[in-house]
Each structure stands twice: as C-alpha cells, then as structure tokens.
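The values are calculated or read from the model by the stated rules, or taken from the named source; none is laboratory data. Keep in mind it's a predicted model, so treat the numbers as computed, not measured. Glycine gets a Cβ as well: all are built from the backbone with ideal geometry, and neighbour counts include every protein chain shown.
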Amino acid sequence: MSSPNPLTAEEIRRAFAEPADAEDFSTAPPRAGLSRSIDCLLAAAGLLLAAPLLVVASVAIRLGSPGPVVYRQTRVGRDETPFSLLKLRTMRLGSDPIGVGTAIGEDDPRITPIGRVLRRFSIDELPNLVNVLRSEMAIVGPRPTIPSQVELFSDRQRRRHAVRPGMTGWAQTNGRVGLGWGERIELDLWYVEHRSPALDLKILARSVGLVASGRGLYTGG
C-alpha cells in the first residue's frame, strides 16, 4: 500500500519553525485546568456510554480488514514522558510509517472504508479514554505527538509538554489539522499559558461542534 510522499528536510524545518514575532511565555508551572477527578469521571462515563458503539466498531474493523482492532503508537506526554496511545485501527495493516513530514489526506488509500467512518466522527479516538484513566492524558490539552516530531521542537515549543496531552485541545478547536504545525504549536503554547477550568469547558463545548461537522480532519481540510 503506497503512502503519501514525505516532505523534504527543508520543508519540515520550515513547518516547525517558530514565527518571527513569537510571544514569550512564562516558565512557571501552568495553572490548573479541569481537575483530575473530573477527568476520570468523564472518562469512565464516556467508556460506559460508548461501550456498545465500541463493540460494533470492533466487529466492523475485524470484518473489514486483517489486523488488530486497537492501534498502539508511542506518543510524548507530560514532561516528555513517552506512553502508548490507544486508538481504534483505521488504516490497513502495514501502513503505519507516518512520521515527520508525512500527512494523512482525505483520499489516503491506506484508510479502510470503516476507518473513514470512524475518523469522520472521531470514534477511533474513544480508546484515548483509557489513556485518561491511566493518567497519561487529560480530557483537554495539547494533542500528543510522536517522538520524532518533538525532536524538532525548540526549548520554547517544548513548553507544550508542561501539561498532560488531551483528547481535544485549543488547537483542535481552532482549525485541527487544517493548521500548519507551527500554528498548532503556538496555539498549544497559548493554551498552557491561559489554562483554566473555564477554558477547558469552552474547548469541550466547541469540540462537540467540530466532531459533528468533521472540519479539519485531514491536512488542508
């Protein structure tokens, strides 16, 4: 199965470059967002409510293409601690190498038919709730990225790892992957600087509309 052509080294460097007028952010510990107890309550309730949907999705994945139901990938969490991110598999077996400079387009041939449906409604991300219960993620926070991308971050950009990564975040509600990497990182940094329970609730409310519309699911979308 063919995959999209990766960007050149220079294109990657430009994609992760900080803007010339980048704002200086504090190095102090970030303020609190939604409490850990609320995260766990929401994650447990979400898994309970989504259980029938997860069963149906699991069967569809099994019948649709060979391979495991759950996809695991190493991501970078708070304080740059690696963890195994859990998702429902949406791509064909053997099409995993998605690293720096490789994007997923709307017509990507690696995505299975059932995978397109799962991605359209963000159902594939429901296993992230297990990561929340494990304290590896929060409900709201910067989306976790892969180690090879973090290696390209400046010291300032690494500030986004001062909080737990989230299932949804400020960058996702302001463009999702329709934004360039540099823009997304700046939005993540803004979130870390202005984090609060009220902001987290605002992000959650806006996330519902994004899931319904499907805007920004793919690069350029």
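Looking for something surrounded by fewer than 17 Cβ atoms within 10 Å (Cβ to Cβ) and touching a helix residue (DSSP H, G or I) at 6+ places or on another chain (Cβ under 7 Å) - is there at least one such residue anywhere in the range 112-120? Among the residues of the range 112-120, at least one is surrounded by fewer than 17 Cβ atoms within 10 Å (Cβ to Cβ) and touching a helix residue (DSSP H, G or I) at 6+ places or on another chain (Cβ under 7 Å), which makes the answer yes. For the range 101-132, residues that are more than 19 Å from L86 (Cα to Cα), modelled with pLDDT of 90 or more and β-branched (V, I, T) total 0. For the structure I just gave you, tell me whether P68 is surrounded by fewer than 13 Cβ atoms within 10 Å (Cβ to Cβ), modelled with pLDDT of 90 or more and in a loop (DSSP other than H, G, I, E, B). Taking the combined requirement at face value, the residue satisfies it.
From the list L42, L48, L54, L34, the one residue that fits, being farther than 25 Å from A198 by Cα and surrounded by 16 or more Cβ atoms within 10 Å (Cβ to Cβ), is L54. Among the residues of the range 71-83, those that are in a strand (DSSP E or B) and closer than 11 Å to T145 by Cα comprise Q73, T74, R75, V76, P82, F83.
Taking first residues from the range 26-52 that are of a type in the set (S, T, N, Q) and partners that are surrounded by 11 or more Cβ atoms within 10 Å (Cβ to Cβ), the Cβ contacts under 7 Å between residues at least 6 apart in sequence or on separate chains come to S26/E193.
Kindly establish whether G169 is modelled with pLDDT of 90 or more and surrounded by 15 or more Cβ atoms within 10 Å (Cβ to Cβ). Yes. Has the range 72-84 got at least one residue that is over 21 Å from T168 (Cβ atoms), of a type in the set (S, T, N, Q) and either surrounded by 12 or more Cβ atoms within 10 Å (Cβ to Cβ) or at pLDDT below 95 (or both)? Within the range 72-84, none of the residues are over 21 Å from T168 (Cβ atoms), of a type in the set (S, T, N, Q) and either surrounded by 12 or more Cβ atoms within 10 Å (Cβ to Cβ) or at pLDDT below 95 (or both). The lone criterion from (1) of a type in the set (D, E); (2) in contact with a Lys or Arg (Cβ under 8 Å, 6 or more places away or on another chain); (3) surrounded by fewer than 23 Cβ atoms within 10 Å (Cβ to Cβ) left unmet by D188 is number (3).
For (1) crowded, with 18+ Cβ neighbours inside 10 Å; (2) out of contact with any Asp or Glu (no Cβ under 9 Å at 6 or more places or on another chain), each residue gets a yes or a no:
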residue	(1), (2)
R156	no, no
R159	yes, no
G180	no, yes
V208	no, yes
